[in-house]
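Only one structure is covered here, and it is reproduced in the block below.
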Amino acid sequence: MISPVLPTYARAPLHFVKGEGTWLIDETGRRFLDLGSGIAVNALGHANPELVAALTEQANKIWHLSNLYEIPQQEALAQKLVDVTFADTVFFTNSGTEACELAVKMARKYWYDKGQPDRVEILTFSGCFHGRSSAAIAASGAEKMVKGFGPMLPGFVHLPWGDHDALHAAIGDNTAAILIEPVQGEGGIRPLPDQCLQGLRKLCDEKGILLILDEVQCGVGRTGRLFAHEWAGVTPDIMMVAKGIGGGFPLGAVLATEEAASGMVVGTHGSTYGGNPLGCAVGKAVIDRISDPDFLDGVRARAGLLRQKLEGLVAAHPDIFEGVRGMGLMLGLRCKVAPADLVKAGYAAAVITVPAADNIVRLLPPLNITEDEIAEAINRLDQAATSLETA
């Protein structure tokens, strides 16, 4: 008999009833150190007082307004994002998947309005993950994403990761945009080297192609900068954002330059809940906090400490780990054992991690994790690794 909740997830038998910062507490009172953050969502931890205050204050005023009207909280968050990024304009969504849908529409509408309606192809790369909607799975093209869901939305060209010759060969008269994650998350914490992102920007400029960056997982302070592309000193034309921007409240956004967004006029896109007062009030509190230079300095310092200690963990368990990779507080342990086994062993040691492709276990702790909590995280990961060695 099917469960009341559609069984599309293989859920761990854990029942959390409360969260406090970097900690999750189950129904027995056991405290788990959360190094997953709801897959990079709880950027400021669980029940963060600043976010609770922002949500509570707004909840006592008004919850929902249709986008038929002006929404002050939405305008305030949009202005903040414009002030601290490359963008000239913002559209708010409820998720990263919805952001992908709009990014694809925006790129294609741009060329349609330029008198080039056949310019619809979007180049993507192996290992990518842009969501689970029809456009997002078509962008991925991976068999595990698309099998059984055909016919696929056309217009996506799938290229091998890191194959420059294939990239240049794929560009043609119908190429509208390149879509890429500065750091692949689901694909196994694979950072795009700065010189490659710089090369993509240069290539897009030379060919007149739009550059779309998916910073759903790697953005909002996760790498130690407000957005990961800042490390390379380049800017996109369109950027997808979600996860951390709401700190746990469902919120996403598409940021764009005025030129890239020029085709999106009245009636071309909409959302019932996107940019609602509750989400934007929380999002504004998140961005105010995380965009502070002192906060980002702290993220980089904590990331350096965690990376150093993880390298020691890998050296101490050569039969379990191969190495560490990633940026900031978006790190991956490459395993010699099945990632699922390490995740499960972590549950026994009361530490939460997240599996990914390429034998990676992801570590995505809240950005305000403390030094003491980092030490405890290493201790619990050490316990998990030891249990696998002795099993």
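The values are calculated or read from the model by the stated rules, or taken from the named source; none is laboratory data. Owing to the predicted nature of the structure, the values given are computational and were not obtained by experimental measurement. Because the Cβ atoms are built from the backbone with ideal geometry, glycine has one as well, and the counts that use them run over all protein chains shown.
Being of a type in the set (Asp, Glu) and over 17 Å from Val157 (Cα atoms) is the filter here, so list the residues in the stretch 85-135 that pass it. Let's see the steps before the verdict.
As a first pass, look at the stretch 85-135 and keep what is of a type in the set (Asp, Glu): 88, 98, 101, 113, 118, 121.
Passing the criteria: Asp88, Glu98, Asp113.
Does Glu322 satisfy being among the acidic types (Asp, Glu) and part of a loop (DSSP other than H, G, I, E, B)? Here the answer is no, as Glu322 does not meet what is asked.
Confirm whether Leu35 is surrounded by fewer than 20 Cβ atoms within 10 Å (Cβ to Cβ) and in contact (Cβ under 8 Å) with a residue 24 or more places away in the chain.
No, not satisfied.
Of the residues examined, Val157 is one that is more than 18 Å from Lys243 (Cβ to Cβ) and in contact (Cβ under 8 Å) with a residue 24 or more places away in the chain. Can you find a residue that is touching a strand residue (DSSP E or B) at 6+ places or on another chain (Cβ under 8 Å) and within 24 Å of Val157 (Cα to Cα) anywhere in the stretch 262-284? Checking the stretch 262-284: at least one residue is touching a strand residue (DSSP E or B) at 6+ places or on another chain (Cβ under 8 Å) and within 24 Å of Val157 (Cα to Cα).
If I ask for residues that are in contact with a Phe, Trp or Tyr (Cβ under 6 Å, 6 or more places away or on another chain) and on the phi > 0 side of the Ramachandran plot, which ones from the stretch 348-381 would you list?
First, the residues of the stretch 348-381 that are in contact with a Phe, Trp or Tyr (Cβ under 6 Å, 6 or more places away or on another chain): 350, 352.
Answer for the stretch 348-381, where residues must be in contact with a Phe, Trp or Tyr (Cβ under 6 Å, 6 or more places away or on another chain) and on the phi > 0 side of the Ramachandran plot: just Ala350.
For the stretch 110-130, residues that are outside any loop (DSSP other than H, G, I, E, B) and among the charged types (D, E, K, R) total 2. When the stretch 337-367 is filtered for residues that are in a loop (DSSP other than H, G, I, E, B) and under 29 Å from Cys128 (Cβ atoms), the ones remaining, listed by number, are Val337, Ala338, Thr353, Ala357, Asp358, Asn359, Leu364, Pro365, Pro366, Leu367.
One line per residue, one yes/no per condition, for (1) out of contact with any strand residue (DSSP E or B) (no Cβ under 8 Å at 6 or more places or on another chain); (2) modelled with pLDDT under 95; (3) not assigned by TED's automatic domain parsing to the domain that holds Leu192:
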| residue | (1), (2), (3) |
| --- | --- |
| Arg119 | no, no, no |
| Ile137 | yes, no, no |
| Glu143 | yes, yes, no |
| Gly155 | no, no, no |
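At least 3 residues being of a type in the set (Gly, Ala, Ser) and more than 21 Å from the chain's Cα centre (by Cα) is the threshold, and among the helices (runs of 4 or more DSSP H) wholly inside the stretch 15-109 those reaching it are 49-59. Candidates in the stretch 337-391 are the residues that are within 24 Å of Val41 (Cβ to Cβ) and of a type in the set (Ser, Thr, Tyr); of these, the one that is surrounded by the most Cβ atoms within 10 Å (Cβ to Cβ) is Thr353. For beta carbons closer than 9 Å, sequence separation of 6+ or different chains, a first residue in the stretch 218-242 that is touching a residue at least 40 places away in the same chain (Cβ under 8 Å) and a second that is basic (Lys, Arg) and assigned to a loop (DSSP other than H, G, I, E, B), the qualifying pairs are Ala228/Arg222; Trp231/Arg225.
Do you know which residues across the stretch 325-336 are in a loop (DSSP other than H, G, I, E, B) and either surrounded by fewer than 22 Cβ atoms within 10 Å (Cβ to Cβ) or of a type in the set (Asp, Glu) (or both)? I'd like the intermediate steps shown before the answer.
The first filter runs over the stretch 325-336 and keeps only residues in a loop (DSSP other than H, G, I, E, B), leaving 328-329, 336.
The one that is in a loop (DSSP other than H, G, I, E, B) and either surrounded by fewer than 22 Cβ atoms within 10 Å (Cβ to Cβ) or of a type in the set (Asp, Glu) (or both): Lys336.
Condition first: touching a residue at least 12 places away in the same chain (Cβ under 8 Å) and touching a His at 6+ places or on another chain (Cβ under 9 Å). Can you find one or more residues in the stretch 357-368 that meet it? The answer is yes; a qualifying residue exists.
Residues of the stretch 162-185 that are farther than 22 Å from Arg108 by Cβ, in a loop (DSSP other than H, G, I, E, B), modelled with pLDDT of 95 or more and not small (Gly, Ala, Ser): Pro182 alone. Could you please find all residues in the stretch 220-242 being assigned to a loop (DSSP other than H, G, I, E, B) and acidic (Asp, Glu)? Hit for the stretch 220-242 is Asp237, nothing else. Annotation: of all residues in the stretch 247-285 being under 18 Å from the mean Cα position of the chain (by Cα) and β-branched (Val, Ile, Thr), the one that is surrounded by the fewest Cβ atoms within 10 Å (Cβ to Cβ) is Val282.
When each of Glu75, Glu98, Glu57 is tested for being within 30 Å of Lys144 (Cα to Cα) and assigned by TED's automatic domain parsing to the domain that holds His130, the lone residue that passes is Glu98.
All of (1) in the same structural domain as Met330 (by TED's automatic domain parsing); (2) farther than 22 Å from Gly219 by Cα hold for Thr22 with one exception: (2).
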